[in-house]
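Student: A single structure is presented below for examination.
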């Protein structure tokens with residue numbers, strides 16, 4: 001009887017200890033659950049809104065990458081070509097021959113008293129630079145889409161490199177222009193010192209148009225099909241095969257809205273001693289500035305979505 005009573009007390013004591021341990025375990029689980037539900041601080045990264053300013057210091061820090069993009073474009077363009085850099089001369093030279101035959105000889109288009117081959121080549125040179133720069137700049141994002149999605153760098157470098165590489169072709173073709181000038185008895189005068197200003201205006205216009213088109217082409221894939229059409233249209237809207245003096249006076253104001261008209265007339269004035277560009281040239285400068293500034297800000301505004309939509 002006493003043994004049974006002792007055994008019963010032992011069982012009650014063990015049950016009490018197990019109950020206490022279970023309660024203690026539940027208390028510990030509550031503490032664990034309370035600790036697990038505490039929220040840690042979360043950082044959410046969102047793209048900036050509105051217009052994003054240009055970071056010139058960052059662009060300068062990546063200047064070597066700009067040089068690499070430009071040099072890579074030249075190497076890829078002329079790799080495994082038989083004629084190499086001679087293609088920079090062949091395109092404007094053959095176009096000058098065709099224009100001289102059909103517009104100069106057959107159509108008898110006036111050329112302000114200048115031999116038509118020299119007249120047309122002096123305009124084809126800046127036009128080829130503009131068309132090549134705008135085309136390469138507008139296609140720069142699509143050509144390097146994989147690079148956009150993997151590495152960070154200032155995206156402005158890509159369209160900027162697109163306008164720098166055609167300068168090499170321009171410099172090579174410019175040698176032929178000097179040779180044509182001496183052949184036809186034209187000697188470069190003091191006005192040639194104004195030529196860099198017209199080249200700068202042309203590159204400024206090409207960059208502004210390239211920024212607009214490259215940003216739009218990242219979202220709308222119709223843009224690469226529109227650019228060649230615009231270039232072909234602009235060739236005849238600009239005074240390449242004819243002189244702007246052929247236009248009636250009532251159309252001169254509208255014609256001055258084409259910035260390339262002022263650039264081409266400026267080239268001829270600086271090299272061939274033609275009439276000084278009219279006051280509408282300053283309208284062309286203002287339009288080029290508007291296109292460049294608006295293109296830069298629109299490009300920067302769309303830059304945050306390039307990696308997602310390209």
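Student: Cβ-Cβ below 8 Å, separation at least six or inter-chain, first residue in the range 188-203 and at pLDDT 90 or above, second outside any helix (DSSP H, G or I) and surrounded by fewer than 12 Cβ atoms within 10 Å (Cβ to Cβ): which pairs?
Tutor: none
Student: Something else: If the requirement is being farther than 21 Å from residue 296 by Cα and surrounded by fewer than 21 Cβ atoms within 10 Å (Cβ to Cβ), which of these qualifies: 146, 139? Steps first, answer last, please.
Tutor: Working: 139 fails: farther than 21 Å from residue 296 by Cα.
None of the others qualify; the one that does is 146.
Student: A further question on this structure: Of these, 173, 161, which one is buried (at least 20 other Cβ atoms within 10 Å of the Cβ), more than 21 Å from the chain's Cα centre (by Cα), touching a residue at least 24 places away in the same chain (Cβ under 8 Å) and assigned to a helix (DSSP H, G or I)?
Tutor: Details: 161 fails: more than 21 Å from the chain's Cα centre (by Cα).
From the options 173, 161, the qualifying one is 173.
Student: Please go through the range 265-286 and pick out each residue that is in contact (Cβ under 8 Å) with a residue 60 or more places away in the chain and either under 14 Å from residue 197 (Cβ atoms) or within 20 Å of the chain's Cα centre (by Cα) (or both). First the steps, then the outcome.
Tutor: Here is the first cut: in the range 265-286, the residues in contact (Cβ under 8 Å) with a residue 60 or more places away in the chain are 266-275, 284-285.
The answer is 266, 267, 269, 270, 271, 284, 285.
Student: Further, regarding this structure: I'm trying to understand the selection: among the residues of the range 236-254, which are assigned to a helix (DSSP H, G or I) and either more than 27 Å from the chain's Cα centre (by Cα) or crowded, with 19+ Cβ neighbours inside 10 Å (or both)? Break it down stepwise before answering.
Tutor: Applying the first criterion (assigned to a helix (DSSP H, G or I)) to the range 236-254 yields 236-237, 244-246, 249-254.
Those that are assigned to a helix (DSSP H, G or I) and either more than 27 Å from the chain's Cα centre (by Cα) or crowded, with 19+ Cβ neighbours inside 10 Å (or both): 244, 245, 246, 249, 250, 251, 252, 253, 254.
Student: Here is a further query. Just one of (1) at pLDDT below 80; (2) touching a helix residue (DSSP H, G or I) at 6+ places or on another chain (Cβ under 7 Å) trips up residue 116, so point out which.
Tutor: (1)
Student: Given (1) in contact (Cβ under 8 Å) with a residue 12 or more places away in the chain; (2) under 28 Å from residue 74 (Cβ atoms); (3) buried (at least 16 other Cβ atoms within 10 Å of the Cβ), identify the lone condition not met by residue 216.
Tutor: Looking at each condition in turn, residue 216 falls short on (1).
Student: Can you find even one residue in the range 269-277 that is modelled with pLDDT of 80 or more and either touching a strand residue (DSSP E or B) at 6+ places or on another chain (Cβ under 9 Å) or not in a helix (DSSP H, G or I) (or both)? Before the answer, list the steps.
Tutor: Pass one, the range 269-277, residues modelled with pLDDT of 80 or more: 269-272.
Now restrict to residues that are either touching a strand residue (DSSP E or B) at 6+ places or on another chain (Cβ under 9 Å) or not in a helix (DSSP H, G or I) (or both): none.
The answer is no, given that none of the residues of the range 269-277 is modelled with pLDDT of 80 or more and either touching a strand residue (DSSP E or B) at 6+ places or on another chain (Cβ under 9 Å) or not in a helix (DSSP H, G or I) (or both).
Student: Does the range 100-114 hold any residues that are more than 37 Å from the chain's Cα centre (by Cα) and in a loop (DSSP other than H, G, I, E, B), and which are they?
Tutor: 107, 108, 113, listed by residue number.
Student: Please find, among 126, 92, the residue that is surrounded by 19 or more Cβ atoms within 10 Å (Cβ to Cβ), in contact with a helix residue (DSSP H, G or I) (Cβ under 6 Å, 6 or more places away or on another chain) and modelled with pLDDT of 90 or more.
Tutor: That would be 126, the only listed residue that is surrounded by 19 or more Cβ atoms within 10 Å (Cβ to Cβ), in contact with a helix residue (DSSP H, G or I) (Cβ under 6 Å, 6 or more places away or on another chain) and modelled with pLDDT of 90 or more.
Student: Taking the range 176-206 on its own, how many of its residues are surrounded by fewer than 16 Cβ atoms within 10 Å (Cβ to Cβ) and in a helix (DSSP H, G or I)?
Tutor: Going through the range 176-206 one residue at a time, the tally reaches 12.
Student: In this structure, does residue 76 turn out to be more than 16 Å from residue 180 (Cβ to Cβ) and in contact (Cβ under 8 Å) with a residue 24 or more places away in the chain?
Tutor: So residue 76 fails the test.
Student: Return yes or no: is residue 120 buried (at least 21 other Cβ atoms within 10 Å of the Cβ), under 18 Å from the mean Cα position of the chain (by Cα) and not in a loop (DSSP other than H, G, I, E, B)?
Tutor: So residue 120 does not fit the description; no.
The values are calculated or read from the model by the stated rules, or taken from the named source; none is laboratory data. Keep in mind the model is a prediction, meaning the values are calculated, not measured. A quick note on method: Cβ atoms are made from the backbone with ideal geometry, for glycine too, and the neighbour counts reach across all protein chains shown.
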